[in-house]
Protein chains: 2
Amino acid sequence: MPSLRFPSLALIFSISGSIAAWAQAVPAPQAAPPANFAAEQAAANAADGPRRTPPRSFAVPTDEVSPEMRKLIALPFPPHMDAAPKNAAEWKELVDRRAKLAIAALPALKEKLKVDVQPAVIGGVKAFIVTPRTIPRANRDRLLVHVHGGGYVFGPGEAALPEAILLAGFGGYKVISVDYRMPPDAPYPAAMDDAMAVWKAATKMANPRNMAIFGTSTGGAMTLAMVLRAKAEKLPLPAAIAPGTPWSDIAKIGDSYATNEWVDNVLVTWDGWLGRAALLYANGRDLKDPQLSPIYGDFHGFPPTILTSGTRDLFLSNTVRTHRKLRRAGVIADLNVYEGQSHAQYGADMNAPETKEAFTDIAKFFDRHLGR
Amino acid sequence: MPSLRFPSLALIFSISGSIAAWAQAVPAPQAAPPANFAAEQAAANAADGPRRTPPRSFAVPTDEVSPEMRKLIALPFPPHMDAAPKNAAEWKELVDRRAKLAIAALPALKEKLKVDVQPAVIGGVKAFIVTPRTIPRANRDRLLVHVHGGGYVFGPGEAALPEAILLAGFGGYKVISVDYRMPPDAPYPAAMDDAMAVWKAATKMANPRNMAIFGTSTGGAMTLAMVLRAKAEKLPLPAAIAPGTPWSDIAKIGDSYATNEWVDNVLVTWDGWLGRAALLYANGRDLKDPQLSPIYGDFHGFPPTILTSGTRDLFLSNTVRTHRKLRRAGVIADLNVYEGQSHAQYGADMNAPETKEAFTDIAKFFDRHLGR
C-alpha cells in the first residue's frame with residue numbers, strides 16, 4: 001500500500017487511513033538527524049510568532065526515574081482520552097467503568113499503607129474518614145481535607161480515595177475525603193458547595209491552624225477555589241495547602257496545553273474528554289470565573305502552598321503559572337517538578353519511589369507549616 | 001512547485017528543498033483538529049515505549065508572560081544554532097562575533113542598574129569586580145562569585161558580564177565575575193581551575209558564610225562542580241548557590257533534550273553548536289565525569305540552592321533532575337519555572353519584569369541564607 005506508506009502531508013491532516021504513517025518516518029531516538037534537518041526547522045521558524053515542530057519521537061527517560069515510573073511513562077494513551085459521551089447515560093457509563101478500576105485497587109492500597117476508611121456524613125455531605133493505623137504524636141491534633149481529582153466527572157464514592165490513602169499512609173495524617181456531587185447530575189456550583197460545607201464542619205472538628213487542604217488536578221483547582229471562597233466568606237483558612245498539578249485554568253489557556261499535547265500520556269489533550277468535562281461542569285458559566293479557573297483569583301493572603309508537576313504534564317503551565325502568581329502575591333510557595341512524568345503520575349503507582357517521595361514531601365511541608 | 005507543496009514524508013526527512021513544507025500543513029493554533037486526528041495519534045502511540053508526536057504549532061503564550069518576554073518567546077531560532085566550526089580559527093570568529101553583541105549592550109545595562117565594573121586579577125585569574133553604586137547595609141560584608149554561561153566557549157572578557165550586572169543591580173550585591181579560560185585554546189580543566197583559584201582567593205576577601213556562587217547554564221554547571229570540588233578539596237563552601245538552568249548533564253541525557261528540542265528557541269537542540277562545544281570542552285574526557293556533568297556528583301552537604309528554568313527550556317530536565325537529586329540528598333532546594341520561557345530567557349532582557357523577578361528572587365534567597 002504505497003499510498004499509505006508515503007502519504008502527502010495534506011492527506012495526513014485531512015483523510016483517515018493515514019494512521020501512524022508519519023510515525024514510521026519519525027527518526028528513531030538517538031539516530032542522527034537527516035541532512036538539512038536543522039535548516040528545515042530554522043526555515044519553518046524563520047518569522048516571529050508561533051513555534052513549529054516536526055514529527056518527533058521521545059524515548060522513555062531513565063535517569064532520576066525509577067523502573068516503576070518508567071513503566072507508567074511508557075504507556076500508550078488511555079482508551080477514553082477522546083471520549084465524547086452524548087448524554088448523561090453515556091457519561092455515567094464511562095464514569096462507572098473507570099470507578100470500578102479505581103475501587104478494585106483499594107484493598108491492596110489500604111493494606112500496604114496501613115490505613116482504615118470509614119464512610120461518614122460531614123456538614124450534610126458524603127465523605128470518608130481515612131485514618132492511619134498509627135498516627136505520630138505530632139499529628140494527633142491535625143486534620144487534612146482532601147478533594148479528589150477527575151475532571152469534575154470521575155472519582156465518585158470510594159473511587160475518590162487513592163490520593164487520600166497515599167497522604168494518610170505516607171504522611172501519618174488523618175484525612176477527610178469529600179465525595180462531592182458531580183456532573184452530569186450536578187454541575188457547578190454543587191461540587192464547591194459540598195467541599196465548602198465539609199470544610200466549614202471540619203473546622204469545628206479541629207483547629208484550622210492545624211489543618212490543610214489538598215488534592216490533585218481538579219482537586220488542586222478546588223483546593224485553590226476553596227481558599228478563595230473561604231477568604232470571600234470570611235471563613236477560617238487552612239494553615240497550608242497542596243494543590244497538585246492544579247487545573248487552575250479550565251479554559252485551555254497556558255503554554256503546556258500546546259507544548260505537552262500528545263506528549264502527556266494521561267490527559268493527552270484538552271480537546272478530548274477533558275474539555276468536554278470542563279464545559280459540562282461550567283454549564284454555561286464563564287470559564288474564567290475564579291471559582292472555575294482559580295488562576296484568575298486574588299492569591300494575596302493565601303497560606304503556604306506546595307505544588308507538584310512533571311516535565312511532560314499537560315498541566316505544567318497550570319502549575320507554574322499558579323506558582324508564579326502565588327509568589328508574586330507574596331505567598332510561600334514550593335514547587336516540585338518530576339522528570340518525564342505526565343499528569344499526576346506521581347500518585348499513580350503506590351510502589352513507585354516517586355510516589356512515596358512526592359507525598360512525603362507534601363507531608364513534611366505540612367509539618368513545617370501546621371500547628372499542633 | 002507542487003512537489004514542494006506536497007512532498008512525501010520520505011522527502012522531508014531525506015532531501016533538501018522541502019524546507020518548511022510541513023509547516024504550511026500544520027493547523028493554525030486554536031483551529032479545530034482534523035477528523036480522526038486523535039485516533040491517528042493514539043494509533044501512533046499504541047505500544048509501550050517512545051512517545052510520538054505529529055507536526056505541531058505552539059502560539060506565543062500570553063497569560064503570566066509580559067509583553068517584553070512574549071517578544072523573546074516569539075523570536076526565530078538564532079542563526080548560529082547549528083554552527084559547526086571546523087577549526088580553532090572558526091570557533092574564535094564565531095565567539096568574537098557573539099561577544100561583540102553582548103559587549104555593545106553593556107553601557108545601557110550598567111546605566112540602568114547603576115552598577116560599576118572594574119577589571120581585576122584575583123588568585124592569578126582575570127576577573128571583573130561588579131559593584132552597585134548603592135549597597136544595602138545588610139550586604140556590606142557579603143560577596144558573590146559569578147561564573148558566566150555560554151557552553152564553555154562563549155562569553156570571553158566583558159561578554160561575561162550581563163548576568164553579574166543583573167544580580168549586582170537588582171540584588172544590591174558586590175560580585176566577582178570570573179573571566180575563565182575556554183576552548184578552543186583551553187579545554188577542561190582550565191575553566192574549573194580558574195574558577196576555583198578565584199573562589200579560593202575570594203574566601204580571603206570575605207567570610208565564606210557571607211558568600212554565594214551563581215551562574216546560568218554552563219555557569220550553573222560550574223557552580224555545582226565548584227561545590228563538588230570545594231568539598232573534595234576541603235575548601236570552604238559558599239552559604240548558598242544559584243545555578244540557573246544548569247548544564248548538569250552535558251551528555252544529552254534528560255527528557256527535555258528531546259521534548260523541548262525545536263521548541264526552545266535559544267539552544268534549540270543539543271545536536272548543533274551546543275553538543276560540539278561539549279565535546280570540544282571535554283577534550284576526550286568521559287562526559288559523565290561529575291566535573292563535566294555535576295548531576296553525577298554527590299550532593300550531600302550542599303548549601304541551600306535556588307534553581308530557575310522555563311517550561312520550554314531545553315535544560316528543564318537538567319534543572320528538575322538537579323532539584324530532585326538535591327532534595328533527595330536533604331539539601332534545601334528552591335525551584336522557579338517560568339511560563340513559556342526557553343533557555344535562560346529570564347536574563348535576556350533587562351526591561352522584562354520576569355528578569356527583575358528572577359534576580360530579585362535569587363537575591364532574596366541569598367538574603368535568607370547568607371550571614372552578614
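The values are calculated or read from the model by the stated rules, or taken from the named source; none is laboratory data. Quick caveat, the model's predicted, so the values are computed rather than measured. Neighbour counts are summed over all protein chains in view; Cβ atoms, including those assigned to glycine, are modelled from backbone coordinates with ideal geometry. These accessible areas exclude ligands, DNA and RNA; they are computed on the full protein's heavy atoms, side chains included. Shrake-Rupley method; radii C 1.70, N 1.55, O 1.52, S 1.80 Å.
Here chain A is treated as an ellipsoid with the same Cα gyration tensor; its semi-axes, largest first and in whole Å, are 37, 22, 21. Measuring from centroid to centroid over Cα atoms, what is the spacing of region A:319-372 and region A:191-261 in Å? Spelled out, the Cα-based centre of one part sits 14 Å from the other. Karplus-based coupling profile of region B:244-254, in residue order and whole Hz: x, 5, x, 7, 5, 10, 6, 9, 6, 10, x, with θ = phi - 60° in 6.51 cos²θ - 1.76 cosθ + 1.60 and x standing for Gly or Pro.
Residues whose amide H lies under 5 Å from that of A:ALA333, counting only those 5 or more places away or on a different chain, are A:THR305; hydrogens are built 1.01 Å from N in the peptide plane.
Using a probe of 1.4 Å on the protein chains alone, the accessible area found for B:ARG181 is around 120 Å².
Mind scanning A:LYS364/B:LYS325; B:LYS71/B:LYS356; B:LYS86/B:LYS126; B:LYS204/B:LYS231 and naming the pairs with a C-alpha gap bigger than 22 Å? B:LYS86/B:LYS126, as the Cα separations exceed 22 Å there. Near A:ALA240, the amide H atoms lying under 5 Å from its own belong to A:ILE213; only residues 5 or more places off or on other chains count, and H is placed 1.01 Å from N. Partner shielding of B:330-338 amounts to 4, given as the average count of beta-carbon atoms from other chains within 10 Å of each residue beta-carbon.
Accessible surface buried at the A:B interface totals approximately 8200 Å², computed with a 1.4 Å probe on protein heavy atoms. About its Cα centre, region B:88-369 has a charge dipole of approximately 940 debye under the convention of +1 per Lys or Arg Cβ and -1 per Asp or Glu Cβ, with nothing else charged. The heavy atoms of A:LYS288 present about 90 square angstrom of accessible area, all protein chains included, probe 1.4 Å. The calculated Kirkwood hydrodynamic radius for region A:333-372 is 11.2 Å, given to one decimal from all distinct C-alpha pairs.
With its label point put 7 Å out from Cα toward Cβ, B:THR62 sits 4.4 nm from the same residue's point in the other copies, in order from shortest. Sorted largest first by accessible area at a 1.4 angstrom probe radius, with every protein chain in place, the residues A:HIS369, A:HIS148 fall in the order A:HIS369, A:HIS148.
Mean projected area of the Cα convex hull of region B:52-94, taken over all directions, amounts to 5.6 nm². Taking a ≥ b ≥ c as the square roots of the eigenvalues of the alpha carbon gyration tensor, region A:277-334 is oblate, as a/c is not under 1.5 and a/b does not beat b/c.
The accessible surface of the protein assembly as shown, taken with every protein chain in place and a 1.4 Å probe, is 55 percent carbon and sulfur.
Using a probe of 1.4 Å on the protein chains alone, the accessible area found for A:ASP116 is around 70 Å².
Scattering from region B:200-346 was approximated by placing one identical point on each alpha carbon and applying the Debye formula without solvent; log10 I(q)/I(0) at 0.09 1/Å stands at -0.26. The smallest convex shape that holds all Cα atoms of the protein assembly as shown, its convex hull, gives 156 Å³ per residue.
For the residues of A:310-319, the average number of beta carbons from a partner chain within 10 Å of their own beta carbon is 4. Comparing mean-square fluctuations of A:ALA282, A:ALA159, A:ALA138 from a GNM of chain A with C-alpha springs under 10 Å, the top value falls on A:ALA138. Among B:HIS300, B:HIS343, B:HIS323, the largest mean-square fluctuation in a Gaussian network model of chain B, built with springs joining Cα atoms closer than 10 Å, belongs to B:HIS300.
Each label was represented as a point 7 Å from its Cα along the Cα-to-Cβ direction; for A:LYS92 and B:ARG137 these points are 7.1 nm apart. Here the Karplus relation 6.51 cos²θ - 1.76 cosθ + 1.60, evaluated at θ = phi - 60°, turns the backbone of region A:207-219 into coupling constants of 6, x, 5, 9, 10, 9, 10, 8, x, 10, 6, 4, x Hz, with x for every Gly and Pro.
Rg and Dmax of region B:153-282, based on Cα coordinates, read 15.3, 45 Å. The largest accessible area among A:LEU166, A:LEU237 belongs to the first residue in A:LEU237, A:LEU166, and the rest follow in falling order (1.4 Å probe, all chains).
Shape class for region B:164-239, computed from the alpha carbon gyration tensor (a ≥ b ≥ c): oblate, with a/c not under 1.5 and a/b at or below b/c.
Each residue of region B:135-148 is assigned a 3J(HN,Hα), and the resulting list reads 10, x, 3, 4, 9, 4, 9, 9, 8, 10, 10, 10, 10, 6 Hz, derived from the Karplus form 6.51 cos²θ - 1.76 cosθ + 1.60 (θ = phi - 60°), x at Gly and Pro. Relative contact order of chain A: 17 percent, from C-alpha pairs under 8 Å at least 6 residues apart in sequence. Adding -39500 (n - 2.57) for every DSSP H run of four residues or longer, then dividing by how many residues the protein assembly as shown holds, sets the calculated 222 nm ellipticity at -11000 deg cm²/dmol. Averaged over the residues of peptide B:248-261, the number of Cβ atoms from other protein chains lying within 10 Å of each residue's Cβ is 5.
Between the amide H of A:ARG56 and those of B:THR53, distances stay under 5 Å, these residues lying 5 or more places away or on another chain, with hydrogens modeled in the peptide plane.
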